[in-house]
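Visitor: Questions regarding the structure given below will be posed in turn.
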Amino acid sequence: VVRPPRQLACSWRSVQSCAQMPTDEEEDADRIDALRSALELPFYLYEGPSFDDGLWFEACSRGLRGERIEEDQYSGEHYWLAQLRRHRWRVAQPSAALLFVVPLYLNAALQPSVKGASCNGTHFQVLLDATAAAVAATEQYARHDGADHVIVSNSWKLTQTPPEQAPWSKVGQLPNELFRRTFRNAIVGHMESHGVAKPPSSAFWRCSVVSPYVANYDEAAAAHRRPPASKERDVSFYFQGGANNRGTRGYAFRQAALPQLQDLPAAHISAFSLPGKPAACG
């Protein structure tokens, strides 16, 4: 069936009925919505005593600035898992699933505020190894050696091994080879692409799905709570993050540029380790 152009179709209809006709963009959006609603990817989310339900670390963990852990910029796992727990694709039986989600709150577990232990005092690696062992013992894990298992964690500490991983631990550090070996074939939702990590870090998993950062916490400006187009968000230039010297060009540029922008009208700059004096450009 050849449909006449919308302009031509309008010529033999009233202006009112023409205005009610869907545009091509609207029809495309409707088709996409229909495809999305028909799409199904059943997944099983592990649960039980060997799996974190959000209470192991999040209840007592704080971000680097003292904010609630869900306000930390690496807390994407919190929001991913909250949505997956109530998602319509979630199935109750592993036999009905195509993907298997392992609930881990690694950003909370690896914060300096918890000092290496869960809220009840258990070493974080003991709990992570218990999770790994429980997963490895399942029929679905053995089927593809864990290649259809998914972890979401934005913590850059995930890639590290002791002693770099948790130097602030008050309960010491334990080897994490079991955990890394168990999930070596996993799909990991992470804020960086696979292969970005460099020694002493190492992306031990098979492939990554990029997970976005959470908006930076900033109680003073509260810009993280305001939409970009909000009238209350009167900010000409906004930066919240790190500007410490890491020996890279990107961070060197931050150190040079940010001090010169901090006096810009309506600018808000909160930069960790930013030098006190502006650096000259050129």
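Visitor: In this structure, is residue 130 of a type in the set (Gly, Ala, Ser) and modelled with pLDDT of 95 or more?
Guide: Yes: the conditions hold for residue 130.
Visitor: Considering each residue of the stretch 30-52, count those that are open to solvent by 90 Å² or more (accessible area, probe 1.4 Å) and at pLDDT 90 or above, and give that number.
Guide: Of the residues in that region, 2 qualify.
Visitor: Taking the stretch 132-154, which residues are farther than 26 Å from residue 69 by Cβ, within 25 Å of the chain's Cα centre (by Cα) and not aliphatic (A, V, I, L, M)?
Guide: Within the stretch 132-154, 141, 145, 146, 148 meet the criteria.
Visitor: Shifting gears a bit: Name, by its number, the condition in (1) surrounded by fewer than 21 Cβ atoms within 10 Å (Cβ to Cβ); (2) touching a His at 6+ places or on another chain (Cβ under 8 Å); (3) at pLDDT 95 or above that does not hold for residue 71.
Guide: (3)
Visitor: Output the residue which, of all residues in the stretch 70-90 that are among the charged types (D, E, K, R) and assigned to a loop (DSSP other than H, G, I, E, B), is farthest from the chain's Cα centre (by Cα).
Guide: 88
Visitor: May I ask you to list pairs of residues, at least six apart or on different chains, whose Cβ atoms are under 8 Å apart, with the first in the stretch 54-78 being within 20 Å of residue 241 (Cα to Cα) and the second being among the aromatic types (Phe, Trp, Tyr) and open to solvent by less than 10 Å² (accessible area, probe 1.4 Å)?
Guide: These pairs meet every condition: 69/57.
Visitor: Select from the stretch 155-177 the residues that are under 24 Å from residue 70 (Cβ atoms) and of a type outside the set (Lys, Arg) and list them in ascending order.
Guide: 155, 156, 158, 159, 160, 165, 166, 168, 169
Visitor: In the stretch 133-164, how many residues are without any contact (Cβ under 8 Å) to a residue 60 or more places away in the chain and either crowded, with 21+ Cβ neighbours inside 10 Å or over 13 Å from residue 110 (Cα atoms) (or both)?
Guide: Total meeting the criteria: 16.
Visitor: Another question about this same structure. Is it fair to say residue 101 is open to solvent by less than 20 Å² (accessible area, probe 1.4 Å), in contact with a strand residue (DSSP E or B) (Cβ under 8 Å, 6 or more places away or on another chain), of a type in the set (A, V, I, L, M) and under 18 Å from residue 208 (Cβ atoms)?
Guide: yes
The values are calculated or read from the model by the stated rules, or taken from the named source; none is laboratory data. Just so you know, these numbers come straight off a predicted model, no measurement behind them. Here the Cβ is made from the backbone with ideal geometry for all residues, glycine too, and neighbour counts use every protein chain on show. Areas reflect the complete protein model, heavy atoms only, side chains present, ligands, DNA and RNA absent. Shrake-Rupley method; radii C 1.70, N 1.55, O 1.52, S 1.80 Å.
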